[in-house]
Each structure stands twice: as structure tokens, then as C-alpha cells.
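The values are calculated or read from the model by the stated rules, or taken from the named source; none is laboratory data. The model shown is predicted, which means the values in this text are computed figures rather than measured ones. Ideal geometry is used to build each Cβ from the backbone, glycine not excepted, and the neighbour counts take in all protein chains shown.
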């Protein structure tokens, strides 16, 4: 069994396709059910955010697993299989682990270094655990990935790298509007990106900032933090009429700002759409005096500049990911040989017990004290003979290709292949269950 990752993200899929691929909670639950019905899938969890949809599955065979998971994803998104597969990326085994750790660390996000993905992955893990679709493999992989993400944010300054996307957006706004100081501005959305935008506007000298959000309490909270004003979502059109710079970054699944909501005026206005799916209707671009920049615009601009991240922090984050991936893979390889070692010791114990029974039959007059000493001596001899090879095979198993040593151990000692499998099955507990605590 091996880990397979199949996904769709902002890196290779157009915005229009990502918008259509967004999964609701119900869609995600149905996809998990569909995946677990696939013959080659043993475990699975689904990550669905505004800019990615990914399936991680423990599969028996690569090609069959790839086909089954791809078709299940197509059914869940409602996209034609050929339309979807043209933009899918696939990672397998070690590369799948590395990709997950990279995603968890914020290195694969549109806003590099954003920490929101950690909460989204925790939620995905909770959903899969409640649905009992994660077991021994993915149930250990996801917690390690989350710990890696937390370590990256704790030990590097990668959180600051995400500011580059907002900074580029504000640079484009300056190119259209001129200096931003004194420009009335509107932030639509009060989440983590909205807070980043608000702080960036304040640093840019913008003092007239209004926050609009679906939840009024969150709008007031952000407005207080940036010394701005808050208005309810019902007053969005009126708030936009008085703003030169409008930044929208909600988590809505559809258009928030329609062309009919934007009043025609004689001045220039700049719309910065940081949401995915997009908040701003494409028709807004056609209105007189209006300029719209979205995530695709910013991506192209960042690539043209050849920058956009804090290089040292990103490099440090990548090194942490590499170290954590290596540690996880070594532990997994070592764990794979553990059942074989347990089976070998179990077989040795059976041999010792059989020989002691034979000795008791041959020497019935042996007193209890002597019998106990003989039994202890025989067991010590067996333990000492097995100690070095079993310790060494665990060490060797941590290296790439280490599974071969477990196979050699089974061949040399004639172990029943079902023995190690039985040990694995007996040791499986779902993370979060009473047995795992």
C-alpha cells in the first residue's frame, strides 16, 4: 500500500475551472464515501479550499488507484473527466508525502506562508477521522504534516512572505490611482487576508478605510484594529460608491460584487480581487473608469518580477520540510519492519516453549528450581542471539529500500507472511479513538 495524491490547484488550473471544482461539505462527504467504495483504496481524506482540491489516498496499486480516484473526483466536482485530468497533478509515495508537507507549511499557497491552510487541513483530518476513512497510514501522516507546518511558522518568518501578494496588488493600484494616501478605501471580507490588507493599507498611509463583512461583529473587530469604520453587507453598494480602492477577499462561493452593484462615476476606481472563487464579476472590468486586478493578474506580475517571497525564510522553510519528510519516511520504513521482527520473536518463543515441554517429558524428575533456571537460560540465549540482527534490521529499514531487509528476514527464518500482517491488523487504531490515547 502506498500514498497517492491527486489534485487541482491555482498552479496549473485556470480560475474558471477552480471555481467550478469547489466542493461543499456535503460534496466532500459524498466524495469520501465514493473513494472508500473503490477496490484499491484503503484510506482517504479530502482537502478542499478556495484554491485547491486534493485527494490523498492509501492505494494498493498506482495505476488502478489513479484511475479510480480521478473518476471519483470528476464525479464529485461535476467536471468531465477529460477536462479535469488535463489540469490534475499526481504525486505518489515519497513525493506525495513531500507535497503534503509543503502544502501544510504554506509553501504551495497563493499567498506564500499563509497559515490558514493549517486549520483547513485540521478540519479535513477531523472529517475523515469522523467518517473512519483514515487508519494507520494516513492517520499518522496527517498529524506529522500538521506538526511540520507549525514548526515552519514557529522557526521561520515565512508568515511575512505572504505580504508580497498584497504589496504587489497595492503597487498596481498606485499605477492606476496614483498615491494611495488620502484615497477612501474599502475592504470586503474580514478574514486573515482582510486583516493583512487592512494592515497594509494603514502602512501605506491610507487613513480612510471601511470594512464590510457578512458577519458584522467581525467587520467591527477588524475596523477597530485598523482604526477604520465598519458597515453591514447590505450597504456594500453604497460603501463602494464612496471608495476609490476596493479590495475584496471573502470566502464566498459566488460573486459578491456584480456589475449592477457598481455605480458609474467620473473618477478612476481600482478593484483588487484576492478571492478564489472570484468575488468580482468579470463584467465589472467593462465599466468606465474601472480597473480590476485578480489573483491571476498578481501571479503574472509576480512571475514577471521574479520575486514575491522572502527568499531566506522560504529556503529555511523548505529545509525544514525536507528534514521532516526524511524523518517521517524513516519512521514509516522502520515501522514496516517492526511486525516482521515481532513475528520472528514470536516464532522463537514458540520454539523455546516447545523444547522446554520436550525437556520436561524427558527429565520428569527435574526439580522446579532447576527447571526455572534452565528455562530462563534458554530464553536469555535466544534473546541475545536475536538482539543484534533485529536491532540492525530496524536501522537498515530506515534507509530507502529498507523493506528488502524485512523480506530477507522472513525468507531466512521461514516466517509465515500472514504473521506480520496479523501484527499490523492487531495494532491498527484510529487517531482520536480511546485505544490511541
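Hey, among the residues in the stretch 250-271 that are within 19 Å of residue 16 (Cβ to Cβ) and surrounded by 21 or more Cβ atoms within 10 Å (Cβ to Cβ), which one's modelled with the lowest pLDDT? Let's see the steps before the verdict.
Going residue by residue through the stretch 250-271, those that are within 19 Å of residue 16 (Cβ to Cβ) are 250-259, 271.
Those still in the list that are surrounded by 21 or more Cβ atoms within 10 Å (Cβ to Cβ) too: 250, 256-257, 271.
Working: 250: 85, 256: 93, 257: 96, 271: 97.
It comes out as 250.
Could you check the stretch 181-199 and list, in sequence order, the residues that are at pLDDT 90 or above and within 21 Å of residue 236 (Cβ to Cβ)?
183, 184, 185, 186, 187, 188, 189, 197, 198
Only one of (1) in a strand (DSSP E or B); (2) free of Cβ contacts under 8 Å to residues at least 60 places away in the same chain; (3) under 18 Å from residue 325 (Cα atoms) is not met by residue 53, so which one is it?
(3)
Going through 321, 314, 284, 292 one at a time, which residue ends up being within 21 Å of residue 195 (Cα to Cα) and either in contact with a strand residue (DSSP E or B) (Cβ under 8 Å, 6 or more places away or on another chain) or not in a loop (DSSP other than H, G, I, E, B) (or both)? Break it down stepwise before answering.
Values: 321 fails: within 21 Å of residue 195 (Cα to Cα); 314 fails: within 21 Å of residue 195 (Cα to Cα); 284 fails: within 21 Å of residue 195 (Cα to Cα).
When all the criteria are applied, what remains is 292.
Is it true that residue 396 is part of a helix (DSSP H, G or I), closer than 20 Å to residue 331 by Cα and at pLDDT 75 or above? Don't jump to the end; show me each part of the working.
Values: part of a helix (DSSP H, G or I): yes; closer than 20 Å to residue 331 by Cα: yes; at pLDDT 75 or above: yes.
Criteria met by residue 396.
Name the one entry in 366, 359, 409 that is over 30 Å from residue 147 (Cβ atoms), over 47 Å from the mean Cα position of the chain (by Cα) and either at pLDDT below 80 or not in a helix (DSSP H, G or I) (or both). Talk me through it step by step, then tell me what you get.
On the way: 359 fails: either at pLDDT below 80 or not in a helix (DSSP H, G or I) (or both); 409 fails: over 47 Å from the mean Cα position of the chain (by Cα).
Of the residues listed, the single one that is over 30 Å from residue 147 (Cβ atoms), over 47 Å from the mean Cα position of the chain (by Cα) and either at pLDDT below 80 or not in a helix (DSSP H, G or I) (or both) is 366.
If a residue counts only when it is surrounded by fewer than 23 Cβ atoms within 10 Å (Cβ to Cβ) and touching a strand residue (DSSP E or B) at 6+ places or on another chain (Cβ under 8 Å), which helices (runs of 4 or more DSSP H) contained entirely in the stretch 140-223 have at least 1 such residues? Show your work before the answer.
Working: elements: 158-161, 163-177, 192-203.
Once the helices (runs of 4 or more DSSP H) in the stretch 140-223 are filtered for at least 1 residues that are surrounded by fewer than 23 Cβ atoms within 10 Å (Cβ to Cβ) and touching a strand residue (DSSP E or B) at 6+ places or on another chain (Cβ under 8 Å), what remains is 163-177, 192-203.
Given the structure, is residue 77 farther than 25 Å from residue 326 by Cα, crowded, with 19+ Cβ neighbours inside 10 Å and out of contact with any strand residue (DSSP E or B) (no Cβ under 6 Å at 6 or more places or on another chain)? Talk me through it step by step, then tell me what you get.
Values: farther than 25 Å from residue 326 by Cα: yes; crowded, with 19+ Cβ neighbours inside 10 Å: yes; out of contact with any strand residue (DSSP E or B) (no Cβ under 6 Å at 6 or more places or on another chain): yes.
The answer is yes for residue 77.
Scan (1) within 21 Å of residue 57 (Cβ to Cβ); (2) part of a loop (DSSP other than H, G, I, E, B); (3) under 13 Å from the mean Cα position of the chain (by Cα) for the single condition residue 114 breaks and write down its number.
Unmet for residue 114, out of (1) within 21 Å of residue 57 (Cβ to Cβ); (2) part of a loop (DSSP other than H, G, I, E, B); (3) under 13 Å from the mean Cα position of the chain (by Cα): (1).
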